[in-house]
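Step one of this worksheet: look at the structure below.
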């Protein structure tokens, strides 16, 4: 496909805005120009125009440049129009093809983590249904939400569920509050939740969190399948693919990892 003609000067000038957006704070002209790959004189001409458009501001005392109010307005307008579920659903087919197993999306509903969409592998056994509410301690989806949702929402539900499952003797099922705490800490450290035989015998599942620009958990990206063919390793293909997809979507939603 033939590349369409554009305005090269706009593309060149955007490099300065891109550097400012990724910087930890305001920059001196020489540092800004060097990072954008242009001379200070050339960068200054672009910055004068950007200041007139309020895309860039310059501090009179330090002479450093930073993003201006117009850049903020553009960013906020873009964020307000983003639909996390729509963006996630667009990734599902490719994600399922990469992993080779069923993938799904979950959001926090009135009763807890709720399945709102799934892309079922042609060879998969039917495990999930639209509207299923997932348990917090015995499903990868639940563990992901229990780890990253506000504790005032999850703590009462975790306590009630723990009381029901404490007599279970299946592997990968927490038996005490200490077990729950360690399990959720591991989810936070690894950036993905996992269950093996906990939800259903012979079933493995992973769930990765997606965050918005306010660092709020907005949805979970899920994959699951039979233990006989599903890679249950923390660094296996399903876990890696989910983690990468969730991180990419979070970045698109404006999330910046601490």
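Please treat every number below as a calculation from the coordinates, not as lab data. As the structure is a computational prediction, the values presented were derived from the model and not from experiment. Every residue, glycine as well, gets a Cβ built from its backbone with ideal geometry; the counts of neighbours run over all protein chains shown.
Couple of notes before you dig in:
- Mean-position separation - Cα centroids, region 235-257 and region 90-137, in angstrom: 16
- Angle between the chain longest axis and helix 69-80 axis [Cα atoms, degrees, rounded to 10]: 30
- If the segment from residue 256 to residue 30 were pulled out straight at 0.36 nm per residue, it would be longer than the present Cα-Cα gap by 78.7 nm.
- Each label point was placed 7 Å from the Cα along the Cα-to-Cβ direction; for residue 22 and residue 52 their separation is 2.8 nm.
- Look at the alpha carbon pairs under 8 Å that are at least 6 residues apart: their mean separation over the length of region 8-80 gives a relative contact order of 27 percent.
- Full-stretch length increase - residue 159, residue 40 - with 0.36 nm per residue and alpha-carbon distance subtracted: 36.8 nm
- Radius of gyration (Cα atoms) of the chain, expressed as a multiple of 2.2 N^0.38 Å: 1.27.
- Tilt relative to the chain, helix 8-22 - C-alpha long axis, 0 to 90 degrees, to 10: 60
- The chain: angle of helix 177-190 to the longest principal axis, Cα-based, in degrees nearest 10: 40
- Here the gap between residue 248 and residue 167, fully extended at 0.36 nm per residue and compared with their Cα-Cα distance, gives a gain of 25.2 nm.
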